[in-house]
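Chemist: Below are the structure tokens for one structure; questions will follow.
Just so it is clear, none of the values below were taken in a lab; they were calculated from the coordinates. Predicted model, so just to flag it, every value in this text is computed and none were measured. For neighbour counting, all protein chains shown are included, and Cβ atoms are generated from backbone atoms with ideal geometry for every residue, glycine included.
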Amino acid sequence: MRTPLFDLDHTLDSGQVFRWRKEGEWWHGVVKGRSIRLRQEGDVLEVKGASDDLIAHYFRFDDDLDEIYRDISRDDCIASVIDRFRGLRLVRQDIWECSASYILASYANVPRIKKMIDSLCRAYGREIESGAYAFPTPQEILEGEADIACCRLGYRADWIRQYAGMVYSGDFDLYELASKDYLEAVRYLKRVKGIGNKVADCIALFSLDHLEACPVDVRIARAMRDIYGVTGSYEKVAGHARRHFGRFAGYAQEYLYIAEDPSQKALRPRSCTRGTRSSAP
């Protein structure tokens with residue numbers, strides 16, 4: 001399929017999703033219970049295992065990146081970061097899988113998160129093909145015969161089982177969540193043990209279409225301090241980012257996040273060096 005402006009490598013290597021791995025030229029992943037393989041050459045995306053419609057929805061091909069770039073390019077730093085990672089798109093994830101995954105992501109690095117999610121899927125998920133498992137449903141987690149201790153989730157095991165129970169019983173309604181605006185969704189999500197400000201913002205951004213959400217982790221807090229001179233509470237830093245970058249702050253956040261990767265920081269543009277202050281025109 002031909003794509004709009006899109007970079008598969010930047011998108012899948014930007015820390016938003018945890019069920020993709022690259023082998024040679026091909027990315028292998030599981031989306032909505034399908035084992036999928038992807039390879040990009042220029043503006044052609046070769047897809048195995050999924051329809052073009054599913055891929056277009058998942059990678060948000062309905063987002064006009066040129067419009068988003070114009071909107072968030074409010075200082076020299078973010079403009080230069082966009083140039084480096086042009087084509088990175090946010091991923092539109094399933095609400096249940098995204099929310100459960102980000103509960104597991106609390107206080108863990110990406111390799112650890114991937115291992116935990118893979119273990120959970122192998123223990124409770126449906127096998128799609130050899131070595132590939134669907135993300136388990138709440139019912140499968142609650143009624144599965146496996147001992148969740150084998151997944152090595154630590155204290156997160158109680159959080160996941162409790163959350164699965166809330167969703168399965170209807171005490172936490174994913175359809176109601178999807179109908180809420182950004183602030184209402186964050187408040188609703190924070191009813192769940194294991195979901196605080198950052199996890200709620202991740203879920204809002206990556207599965208609920210709230211593109212103004214701006215999750216603040218260690219990388220983003222560092223970027224906001226070093227580049228924009230903003231420090232303080234989560235609410236202060238995230239609020240400043242939302243005001244500065246506007247309705248697509250989540251996109252700006254993802255570009256800053258990948259730029260703050262240790263393997264990328266050595267290439268940080270001068271406009272983003274420590275002590276530089278960038279401001280909107």
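Chemist: Regarding the stretch 24-162, what whole-number volume in Å³ per residue does the convex hull of its Cα atoms give? If you can, show how the numbers build up before the last one.
Modeler: Details: hull volume 21.0 nm³, N = 139.
Per-residue hull volume (Cα only) is 151 Å³.
Chemist: In degrees between 0 and 90, to the nearest 10, how far off the longest principal axis of the chain does helix 234-245 point, with axes built from Cα atoms?
Modeler: The answer is roughly 60 degrees.
Chemist: Ok, one more. Which Rg and Dmax, in Å, describe the Cα atoms of the stretch 146-269?
Modeler: Final numbers for Rg and Dmax: 16.5, 50 Å.
Chemist: Which net charge results when you count Lys and Arg as +1 and Asp and Glu as -1 among the other residues whose beta-carbon is under 12 Å from that of TYR155? Could you put the intermediate results ahead of the total?
Modeler: Details: positive: ARG152, ARG156, ARG161, LYS193; negative: ASP158.
Counting the neighbours of TYR155, the net charge comes to +3.
Chemist: Taking the chain as the reference, fit the longest principal axis to its C-alpha atoms, fit the long axis of helix 110-124 to the helix C-alpha atoms, and give the angle between the two in degrees, 0 to 90, nearest 10.
Modeler: Approximately 20 degrees, to the nearest ten.
Chemist: From the cross-link list LYS180/LYS236; LYS114/LYS236; LYS114/LYS190; LYS32/LYS114; LYS198/LYS236, which pairs have alpha carbons spaced over 20 Å apart?
Modeler: Details: LYS180/LYS236 23 Å; LYS114/LYS236 30 Å; LYS114/LYS190 23 Å; LYS32/LYS114 17 Å; LYS198/LYS236 13 Å.
Table pairs above 20 Å Cα-Cα are LYS180/LYS236; LYS114/LYS236; LYS114/LYS190.
Chemist: Continuing with the same structure: List the equivalent ellipsoid semi-axes of the stretch 8-84 in whole Å, largest first, each obtained as the square root of 5λ for an eigenvalue λ of the Cα gyration tensor. Could the numbers behind the result be given before it?
Modeler: Numbers: eigenvalues 137, 40, 27 Å².
Calculated on Cα positions only, the semi-axes equal 26, 14, 12 Å.
Chemist: Summing Lys, Arg as +1 and Asp, Glu as -1, what charge do residues with Cβ under 15 Å from the Cβ of PRO111 carry, PRO111 excluded? Working shown, then result.
Modeler: Details: positive: ARG19, ARG21, LYS22, ARG112, LYS114, LYS115, ARG152; negative: ASP13, ASP118, ASP261.
Cβ neighbours under 15 Å give a net charge of +4.
Chemist: Hey, any idea what the orientation-averaged projected area of the convex hull of the stretch 218-272's Cα atoms comes to, in nm²?
Modeler: Numbers: hull surface 14.5 nm².
If I average the Cα hull's projected area over directions, I get 3.6 nm².
Chemist: I need the calculated FRET efficiency for the pair ASP83 and ARG247, taking r as the beta carbon distance and R₀ as 22 Å, to the nearest 0.05.
Modeler: On the way: r = 21 Å, r/R0 = 0.97.
Approximately 0.55, to the nearest 0.05.
Chemist: Which whole-number percent is the relative contact order of the chain (Cα, under 8 Å, 6+ apart)?
Modeler: Value for the chain: 20 percent.
Chemist: Just checking the chain: which Cys have no other cysteine's beta-carbon under 4.7 Å?
Modeler: If one checks each Cβ against the other cysteines of the chain, CYS98, CYS121, CYS150, CYS151, CYS202, CYS214 turn up with nothing under 4.7 Å.
Chemist: May I pose another question? As a test of understanding, state the convex hull volume per residue of the stretch 95-207 from its alpha carbons, in Å³.
Modeler: Values: hull volume 11.2 nm³, N = 113.
About 99 Å³ per residue, rounded to a whole number.
Chemist: Suppose the Debye formula is applied to equal point scatterers at every Cα of the chain; what is log10 I(q)/I(0) at q = 0.16 Å⁻¹?
Modeler: Summing over Cα pairs of the chain leads to -1.35.
Chemist: All other residues with a Cβ under 13 Å from the Cβ of ILE82 taken together, and with Lys, Arg as +1 and Asp, Glu as -1, what is their net charge? Could you put the intermediate results ahead of the total?
Modeler: On the way: positive: ARG70, ARG74, ARG84, ARG86, ARG89; negative: ASP7, ASP66, GLU67, ASP71, ASP75, ASP76, ASP83, GLU254.
Once positives and negatives cancel, what remains is -3.
Chemist: Go ahead and estimate [θ] at 222 nm for the chain from helices alone: -39,500 (n - 2.57) per DSSP H run with n ≥ 4, summed, over the residue count, rounded to 500. Numbers along the way, then the final one.
Modeler: Numbers: 15 runs with 136 residues, N = 281.
After summing the helix terms and dividing by residue count, I get -13500 deg cm²/dmol.
Chemist: Treating each Cα of the stretch 9-49 as an identical point scatterer and ignoring solvent, apply the Debye formula and state log10 I(q)/I(0) at q = 0.25, 0.29 Å⁻¹.
Modeler: Evaluating at q = 0.25, 0.29 Å⁻¹ gives log10 I(q)/I(0) of -0.92, -1.15.
Chemist: Whole Å is fine, so just give me how far the alpha carbon centre of the stretch 49-109 lies from that of the stretch 192-225.
Modeler: After rounding, the separation between the Cα centres reads 13 Å.
Chemist: On a straight-distance basis, which lysines could pair with LYS115 in a cross-link, Cα separation under 16 angstrom, same-chain partners fewer than 8 positions away excluded?
Modeler: The qualifying lysines are LYS22.
Chemist: Hey, another quick one. Can you tell me which of CYS214, CYS151, CYS98 moves the most in a GNM of the chain? Springs connect C-alpha atoms under 10 Å apart.
Modeler: CYS151
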